[in-house]
1. Take the residues in the stretch 333-368 that are assigned to a strand (DSSP E or B) and of a type in the set (D, E, K, R), then tell me which one is surrounded by the most Cβ atoms within 10 Å (Cβ to Cβ).
2. Going through F330, F317 one at a time, which residue ends up being at pLDDT 90 or above, surrounded by 14 or more Cβ atoms within 10 Å (Cβ to Cβ), under 35 Å from the mean Cα position of the chain (by Cα) and part of a strand (DSSP E or B)?
3. Could you go through the stretch 443-455 and let me know if any residue there is crowded, with 21+ Cβ neighbours inside 10 Å and farther than 19 Å from E140 by Cβ.
4. Just for the stretch 422-440: of the residues that are modelled with pLDDT under 90 and open to solvent by 20 Å² or more (accessible area, probe 1.4 Å), which one is nearest to N302 (Cα to Cα)?
5. If you take the residues of the stretch 61-89 that are touching a Gly at 6+ places or on another chain (Cβ under 9 Å) and more than 15 Å from T162 (Cβ to Cβ), which of them is least open to solvent (accessible area, probe 1.4 Å)?
6. Out of curiosity, is P411 under 24 Å from S313 (Cα atoms) and at pLDDT below 95?
7. Which strands (runs of 3 or more DSSP E) sit wholly inside the stretch 148-196 and have at least 3 residues that are over 16 Å from D477 (Cβ atoms) and without any contact (Cβ under 8 Å) to a residue 40 or more places away in the chain?
Amino acid sequence: MVISTYGLSLKGMSVVRYIGAYNIRLSYGEKMIFSFDKLEIFAGDKIGLIGMNGSGKTSLLNILNGDLEPNNGIVERDCSISYLRQFHNIDDQIEACEGKLAGEFGMTHNDSGTYSGGESERNMLTVAWSHERHILFLDEPTSNLDAEGINIVTNKLKSEETFILISHDRRLLDEVCNKIIEISDCTINVYDGNFSDYKELKEEKIKRKEFEYIQYVEEKKRLENSLIQQKQKAQKMSKAPGKISSSDRKAREFSAVGRSYSGKEKAMNRKAKNTQSRIDHLEVKTKPRLPVIIRPCFTLTNPPTSKYIFRSSSMTFSYENKIIFQNALFSIRNKDKVALIGPNGSGKTTLLNLIYNHHPDIYISPQVKIGYQRQGLYDLDLQKSVYDNAKNTAVQKEEVIINVLSRLGFPANKLNQKAVDLSGGEKVKLNLAKLFVSDVNVLFLDEVTNYLDMESIEALELFLDSFEGTIVFASHDRQFIREIANDILVIDNKKIIRNNVEW
């Protein structure tokens with residue numbers, strides 16, 4: 001394929017434009033997904049594509065790839081693309097788990113032809129990298145990978161020339177991207193730099209909007225006060241002076257300044273009209289939406305008071321003939337926030353389930369009530385509304401319930417929406433909101449960030465940071481672990497080991 005070079009030049013060097021998308025509009029029925037005038041992808045762009053669940057990230061990739069036609073606009077492509085989709089069909093996988101490239105992704109030949117989630121992802125990554133390409137499209141490539149797999153993808157992307165990556169892994173976006181595209185409020189915003197640069201630029205943008213809003217409010221108030229004074233003066237001038245002779249009135253009307261009372265009144269009315277016009281033509285600035293957090297009252301959960309919440313001196317467990325834990329020991333202190341880490345299949349979810357189901361080898365403190373967010377599962381009444389689901393088991397006040405729902409992506413206009421109509425990620429968020437306002441005093445979270453958008457992850461971090469009870473969570477999200485955990489338990493080789501090394 002011949003690659004066309006378009007007329008962009010930096011310091012004498014031509015830049016190859018691979019994709020140009022112009023006047024794009026995408027909507028489903030009456031619902032607008034996004035609309036923008038121009039998006040161009042050039043050689044050397046290492047793009048992180050971010051946005052809330054349902055904002056249209058995958059749809060944008062599909063439009064750029066030619067799999068989806070927008071309602072309006074054109075897309076020009078002068079490149080070959082290799083595309084790793086988020087929900088790929090395992091039956092469509094080619095046998096790519098042999099050779100040097102497969103070895104780089106840690107793949108080995110599988111005679112059974114069946115793959116675990118992590119193996120399937122590694123296999124499809126091998127397929128994506130094996131294709132000749134100018135641009136690599138990756139949609140959530142690390143969602144099923146353990147720490148080793150994430151490191152492999154990170155290192156491969158560092159040496160990739162051009163790609164667009166959808167990911168909620170902020171550390172990955174920091175390490176490999178030189179540009180961030182955010183889909184927000186039905187449009188796209190492009191930021192130079194990695195994810196941290198994007199966050200800094202966006203915070204500066206918010207501060208600038210706050211300043212502009214304050215300036216707008218102050219100027220509008222000043223003009224409105226001036227308008228009131230001008231109208232009052234004009235009204236006073238409209239009243240002719242009383243109890244004076246006709247000759248005196250004429251003398252006053254044609255005073256030294258040469259202007260009559262009626263003339264002054266007209267001038268003041270013109271001034272008031274001009275002031276009103278200035279008010280009408282002020283560029284309206286909207287107040288930035290800043291999050292307000294109302295903390296749930298933890299005393300309503302009857303919290304445990306013992307030093308240790310969970311403890312075992314010797315735990316053994318196996319599935320059929322496969323030993324998962326053998327004489328394993330561990331302890332989790334009250335109010336600790338503990339991350340469980342380890343390779344796929346090491347037993348992280350198993351440990352959560354054993355504690356939750358009261359395995360006889362595990363001590364559980366009295367008064368403990370666990371709220372468990374399992375991978376991709378939720379405990380909702382699908383025929384009830386968002387608000388009614390949260391309210392159903394709540395012990396918190398109504399204002400707390402509404403605030404928690406709002407922070408997790410359910411504003412007032414979505415509170416009456418039935419749970420059955422929510423996306424998978426929204427159902428997970430609703431289940432989390434339900435836990436936060438219930439009487440649980442211990443949280444178990446199993447790979448919860450796999451299903452959440454960036455904004456929801458950051459909102460979740462704020463809730464977890466302020467949660468006064470114990471949290472035990474399994475995760476491969478390195479930034480999430482760093483933000484939340486004050487203790488780490490590593491599960492490996494049938495043992496549970498406390499890890500004091502910074503994650």
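The values are calculated or read from the model by the stated rules, or taken from the named source; none is laboratory data. Just so you know, these numbers come straight off a predicted model, no measurement behind them. Neighbour counts run over all protein chains shown; Cβ positions are idealised from the backbone, glycine included. Quick note on the areas: whole protein, heavy atoms, side chains included, nothing else; ligands and nucleic acids left out. Shrake-Rupley method; radii C 1.70, N 1.55, O 1.52, S 1.80 Å.
1. Step by step, filter the stretch 333-368, then rank; the result is K337.
2. Matching residue, one of F330, F317: F330.
3. yes
4. Ranking the candidates gives E426 first.
5. I63
6. No: the conditions fail for P411.
7. On the way: elements: 163-166, 179-184, 187-192.
Because the criterion is at least 3 residues that are over 16 Å from D477 (Cβ atoms) and without any contact (Cβ under 8 Å) to a residue 40 or more places away in the chain, the strands (runs of 3 or more DSSP E) in the stretch 148-196 that meet it are 187-192.
Quick grid of which residues meet (1) among the acidic types (D, E); (2) under 17 Å from L380 (Cβ atoms); (3) in contact with a strand residue (DSSP E or B) (Cβ under 6 Å, 6 or more places away or on another chain):
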site	(1), (2), (3)
F436	no, yes, no
E468	yes, no, no
F473	no, no, yes
F480	no, no, no
E483	yes, no, no
V490	no, no, yes
I496	no, no, yes
